[in-house]
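Just so it is clear, none of the values below were taken in a lab; they were calculated from the coordinates. The structure displayed is predicted, hence computed values, not measured ones. Ideal geometry is used to build each Cβ from the backbone, glycine not excepted, and the neighbour counts take in all protein chains shown.
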Amino acid sequence: MLAKRIIPCLDVRNGQVTKGVRFLDNLEVGDPVAMARFYYEQGADEIVFYDITASNERRGIMLEVVRAVAREIFIPFSVGGGLRTLEDMRAVLLAGAEKVSIDSGAVRNPELITQGARAFGSQCVVLSMQVKRRSPSAQFPSGYEVMIDGGRIATGRDALQWALEGERLGAGELCINSIDRDGTKLGYDLEITRRISESVSIPVIASGGAGAPEHLYQAFTAGAADAALIASIVHYGEYPIPGLKRYLMERNIEMRLDQLTG
Amino acid sequence: MARVTIVDYKAGNLASVARALEHLGHHAEITDEPLQLCRAERIILPGVGAAGATMENLNRLGLSEALRNEIVAGKPFLGICIGIQVLLDYSDEDATECLGIIRGRVLRYPSSVDGRFLKVPQIGWNRVHQLSSHPLFQGVPDNTHFYFVNAYYPLPADPAVTIGTSEYGLRFTAALARDNVVATQFHLEKSGAPGLKLLDNFCRWQPARC
């Protein structure tokens, strides 16, 4: 049986880690390479780097971060943020990332998913979706809309339809990021996470809103998620990863413990 | 310090295996030249990729024959992920004739078990149950988690070659060994400290001459 994965997400701007609250007013909290090594040693199952300024700034700084991280951690890590072309994806993978996470770039050019899957394999391509709750309607049957560009722009697309299309186009995993919950610490949006997870045959990662250990438990049970992204819940030392894993194991969630390092 | 030659078949994540070896203090070289395999001390065929494209590239570059020769010659060999699957006779993925070094075939994981839906590919950390005290496992506790990314699994004809199993819809061979050959379904280079330990064990392994 597969263990559920806990994935710290590091938002990086200009080579420094930040954590946005509702994507605005970011505060700097640290060096991404040091933080990645720390979470690796703490038992993170995977790490995600999100280059939040990549859309409009040079990508070189981020690639340097990726190279440095790849020399120090030996678990999968992915990089997202502003990836628009196959060459953007290739650069990140060659620098040492295991996976790329594509988001707004895939909405604008869905073919990017297929190109990435053909060139590097589906397992390399994570389709990250920003979703926002709407009244269910003919346009949004799932009651959620896909947003892009840090949640600023509405696309008119239904979230579940886009998830299904992403899978069909070749995405290897889906990350469902709730705009409504991001940075709120109110818990993941379990409804859309479960709807999508039960409708696709690829792993689904819950994202946005984790503020307490029970939120992870909910994501893995009521949310039917295969993995959960966490940020502020660990970044400020409130709930270290080993404690989160113990909490979940006590509630019969299969967790990976690194038995060589404790 | 071991000198390890990594086979470059123009698809896999070669650099991450090289980085892991260097982190452990070993020397890694990456090559797509059959002649370099002749000079190699130990060989790793790393993973990620589809069986069809992998075999096509190995054949085109003359690496299939070189690998068979070096394995018969008794060099320590490690296959990772697609590198375990192409050791067998045949893979259902792309209906591919493989290297035929280990008898058996490669099958797709079931899409459901007992009416319950199973996500394929398997992506994530799964426990490996050790069936033998092979030197590869030295210092690694039984049922340790390793990182898997596969839609297909190997089914060796001779169950005795299986040294580790995992469960994903069914019990499958997660690690196998025969003479100077070892191979894993999981990614040693992405499995944290236990993965690095297995990789280091391979680098120190002196198989009995066959």
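Structure notes:
- Approximate spin-label separation residue B:94-residue A:137, in nm, with each point projected 7 Å along Cα-to-Cβ: 4.6
- Histogram of C-alpha separations across the range B:69-175, 5 Å bin width, %: 2, 11, 21, 23, 21, 13, 6, 1, 1, 0
- Chain A: translational diffusion in µm²/s, Stokes-Einstein, Kirkwood Rh over Cα pairs, 4 °C, 1.567 mPa s: 72
- If both residues of a DSSP beta bridge must be in the range B:3-204, then about 60% of such bridges are antiparallel.
- Think of it as helices only: each DSSP H run of n ≥ 4 in chain A is worth -39500 (n - 2.57), and spread over all residues that comes to -9000 deg cm²/dmol at 222 nm.
- Volume per residue for the protein assembly as shown equals 134 cubic angstrom (convex hull of Cα atoms).
- For the range A:64-111 versus the range B:50-78, the spacing of their alpha-carbon centroids is 30 Å.
- Taking the range A:5-250 and dividing mean pair separation by its residue count, relative contact order in percent (alpha carbons under 8 Å, at least six apart): 16
- The spacing between the range B:1-34 and the range A:198-262, judged by their C-alpha centroids, is 33 Å.
- Gain on full stretching of the segment that runs from residue B:167 to residue B:142 - 0.36 nm per residue minus C-alpha separation: 7.6 nm
- Relative contact order (percent, whole number), chain B, Cα cutoff 8 Å, 6+ residue spacing: 19
- When each of A:185/A:245; A:185/B:190; B:10/B:119; A:4/B:119 is checked by Cα-Cα distance, pairs over 20 Å: A:185/B:190; B:10/B:119
- Kirkwood's formula applied to the C-alpha pairs of chain B gives a hydrodynamic radius of 16.8 angstrom.
- Rg/Rh for the range B:159-202 stands at 0.99; both radii use Cα atoms, and Rh follows the Kirkwood definition.
- Percent breakdown of C-alpha pair distances by 10 Å bin, ordered from the shortest bin, for the range A:163-234: 24, 54, 20, 2
- Virtual spin-label span in nm between residue A:118 and residue B:105, 7 Å along Cα→Cβ: 2.9
- Highest-MSF residue in chain A out of A:219, A:210, A:138 [GNM, Cα springs under 10 Å]: A:138
- Coil-residue trypsin sites (Lys or Arg not before Pro) of the range B:134-208, DSSP, other Cβ within 10 Å capped at 14: none
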